[in-house]
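Asker: Handing you a structure now.
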Amino acid sequence: MTEPTPIHPPLAAVILAAGKGTRMRSTLHKVLHPIAGRPMLGHLLETVRSMGAARTVVVTGAGREQVEAFAEPLGLGVAVQAEQLGTAHAVRQAETALAGFDGNVLVLYGDVPLVPAETLARMVARLHGSDRPTVVVLGFRPDDPAHYGRVLADGDRIRRMVEYKDADAAERAVTLCNSGLMAVRASDLWRLLARVGNDNAAGEYYLPDIVMLAAEEGGHAAVIETAAAEVAGVNSRAELAMVEEAWQHARRARAMADGATLVAPDTVWFSWDTELGRDVTVAPNVVFGPGVRVADAVAIHAFSHLEGATVETGATIGPYARLRPGAEVGENAHVGNFVELKKARLGEGAKANHLSYIGDAEVGARANIGAGTITCNYDGFGKYRTRIGDGAFIGSNSALVAPVRVGDGAIVAAGSVVTRDVEADALAVARATQAERPGWAAAFRTRKKTEG
């Protein structure tokens, strides 16, 4: 992960995450629900990190323990809003954590996870425009303004901001809405917040009130606009699904622009950190979990699931394959239908084409794993490794009981249960001796007919 270059003036972020998230109907804190396998808060934190923020403070309330457990290992400040008294009150809780900070402050929301760094950078740049606005507000024009607060502006200069419940009919007719995101210099922010009152319909301390307070001091606020999709918020499971779909749509488009073929794009699901090389072909209904890296010229066939796996150049996966964490597929190797790999390395040109479980194993280059092969890696207490040498051939329906090693070029006969190491270039046959009784089947059928 590339470390961002520190910026000047320094940047801080205050991320509000104190809401109860009642509509999510979940014991998991709202901002920790995942988009593309990563918590919403994680997406926003990465955006802030990429901008070179010197300090980040997460303001939490209900469910604070979960947020603290996520944020503190990352070295983030955490402030607590014990009572939900409004957004201005929430931001004020970060003042102690940002004591002594002299720079720009972005006020963000943990449930608005996908706002791009470029948009936030525009906000900061506008703050330092020639007219030096005191506050910069990020506005948007949704298809349905619904109950969003309205931004009343002449050009980009804000006259007034009003919450929907406090707006009159004319103000509600305005289509420019407040996303809630702001950029303010720290030297102005705390002074203005201290003046915010709660004389409104909800009896709350509203963050947008600092716009009018700045005007009273002879300053002004500016608004910049962005697309509604960039500031989509998540307050319910349905909105979570909508934001997930928006993220996936953008990621699919980027994958194709970067040189991958998605046969049926809408059926492919990426994780936040999926890496695809060029000339990769992804068939319908493929799912990428976290931690997958796919090199160039790989074919991934339909209904395959990959997580925590590495696939090297020219390999073939699926259909109906499952690569679990720790799976490594070498160059030009084949993982076929109904094959599962877990903590296993498949060497260059190796093949496991049918109906096999390969777990805790190393499979050498050009080895062939027959249909129905299982590495028996778990005895109920511990996990043990299987090592299969270069060019080895494992016959169909074989069980390799770990820990065990099959040498280079060795052959394991079909149907064997291998419990001891097999030398290089040896044949291992580990199955019962076949016995045959001539005429027995015919006599059996006759007897049964007579008994009937």
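Asker: If one takes the longest principal axis of the Cα atoms in the chain, at what angle in degrees, from 0 to 90 and to the nearest 10, does the Cα axis of helix 237-257 lie?
Answerer: Helix 237-257 sits at roughly 70 degrees to that axis.
Asker: Can you give me the distance in nm between label points at Ser50 and Thr267, each placed 7 Å from the Cα along the Cα-to-Cβ direction?
Answerer: It works out to 3.0 nm between the two label points.
Asker: Restricting things to Cα coordinates, could you compute the convex hull volume per residue of region 110-203 in Å³?
Answerer: 135 Å³
Asker: I want to verify the translational diffusion coefficient of region 5-86 in µm²/s; compute it with Stokes-Einstein, Rh as the Kirkwood radius over Cα pairs, at 20 °C and 1.002 mPa s.
Answerer: 161 µm²/s
Asker: Please state the shape class of region 151-218: rounded when a/c is under 1.5, otherwise prolate if a/b exceeds b/c and oblate if not, all from the C-alpha gyration tensor.
Answerer: In terms of gyration-tensor shape, oblate.
Asker: Taking a probe of 1.4 angstrom, what is the accessible area of Arg92 in Å², to the nearest 10?
Answerer: For Arg92, the solvent-accessible surface is approximately 100 Å².
Asker: Next question. Mind checking the angle between helix 117-127 and the chain's longest principal axis? C-alpha axes, 0 to 90 degrees, to the nearest 10.
Answerer: Rounded to the nearest ten degrees, it is 10.
Asker: Something else: Quote the Stokes-Einstein diffusion coefficient, in whole µm² s⁻¹, for the chain, based on the Kirkwood radius over alpha carbon pairs, a temperature of 10 °C and a viscosity of 1.306 mPa s.
Answerer: Result for D is 61 µm²/s.
Asker: How do Asp360, Asp421 rank by accessible surface area computed with a 1.4 Å probe, from largest to smallest?
Answerer: Ranked from most to least accessible, the order is Asp421, Asp360.
Asker: Related question: Could you check the simple spin-label distance between Ala426 and Ala297, using points 7 Å along Cα→Cβ, in nm with one decimal?
Answerer: Taking the simple label geometry, Ala426 and Ala297 are separated by 3.8 nm.
Asker: Among the DSSP beta bridges whose two residues both lie in region 349-452, what percent are antiparallel, rounded to the nearest 5?
Answerer: Percent antiparallel among DSSP bridges in region 349-452 is about 5.
Asker: Carbon and sulfur: what percent of region 259-336's accessible surface (1.4 Å probe)?
Answerer: Exposed carbon and sulfur together represent 49 percent of the surface.
Asker: Can you give the accessible area of Val58 in Å² (nearest 10), computed on protein heavy atoms with a 1.4 Å probe?
Answerer: 0 Å²
Asker: So for the chain: antiparallel DSSP bridges make up what percent, rounded to the nearest 5?
Answerer: Looking only at bridges with both residues in the chain, the antiparallel portion is about 20 percent.
Asker: May I ask for the angle, rounded to the nearest 10°, between helix 186-195 and the longest principal axis of the chain, with both axes built from Cα atoms and the value confined to 0 to 90°?
Answerer: With both axes taken from Cα atoms, the answer is about 70 degrees.
Asker: Say each of Arg157 and Asp102 gets a label point 7 Å from the Cα, pointing the same way as Cα to Cβ; how far apart are those two points in nm?
Answerer: 3.0 nm
Asker: If r is the Cβ-Cβ distance from Asn200 to Thr281 and R0 is 51 Å, what FRET efficiency results, to the nearest 0.05?
Answerer: According to the calculation, E is roughly 0.35.
Asker: Cα to Cα, under 26 Å, and not fewer than 8 places away if on the same chain: which lysines meet these conditions relative to Lys351?
Answerer: Straight-line reach from Lys351, under 26 Å: Lys342, Lys343, Lys383.
Asker: Right, here's the next one. How high is the relative contact order of region 1-90, given as a whole-number percent (alpha carbon pairs under 8 Å, six or more residues apart)?
Answerer: Across region 1-90, relative contact order equals 35 percent.
Asker: How large is the Rg to Rh ratio of region 304-452 when both quantities use alpha carbon positions and Rh follows Kirkwood?
Answerer: 1.15
Asker: Sticking with this one: Need one word for region 334-422: rounded, prolate or oblate. Basis is the Cα gyration tensor (sqrt eigenvalues a ≥ b ≥ c); a/c below 1.5 gives rounded, then a/b vs b/c decides.
Answerer: It comes out rounded by the Cα gyration axes.
Asker: Multiplying the sequence separation of Lys449 and Glu65 by 0.36 nm and subtracting their Cα-Cα distance, what value in nm do you get?
Answerer: Difference between extended and current length: 130.9 nm.
Asker: Can you pull the accessible area of Phe303 for me, 1.4 Å probe, Å² to the nearest 10?
Answerer: Looks like 100 Å² after rounding.
Asker: Which whole-number percent is the relative contact order of the chain (Cα, under 8 Å, 6+ apart)?
Answerer: Computed value for the chain: 8 percent relative contact order.
Asker: So for region 153-303: antiparallel DSSP bridges make up what percent, rounded to the nearest 5?
Answerer: Beta bridges within region 153-303, antiparallel portion: roughly 30 percent.
The values are calculated or read from the model by the stated rules, or taken from the named source; none is laboratory data. Note that the coordinates shown come from a computational prediction; the quantities given were computed from them, not determined experimentally. Positions of Cβ are backbone-derived with ideal geometry, glycine not excepted, and every protein chain shown enters the neighbour counts. Areas reflect the complete protein model, heavy atoms only, side chains present, ligands, DNA and RNA absent. Shrake-Rupley method; radii C 1.70, N 1.55, O 1.52, S 1.80 Å.
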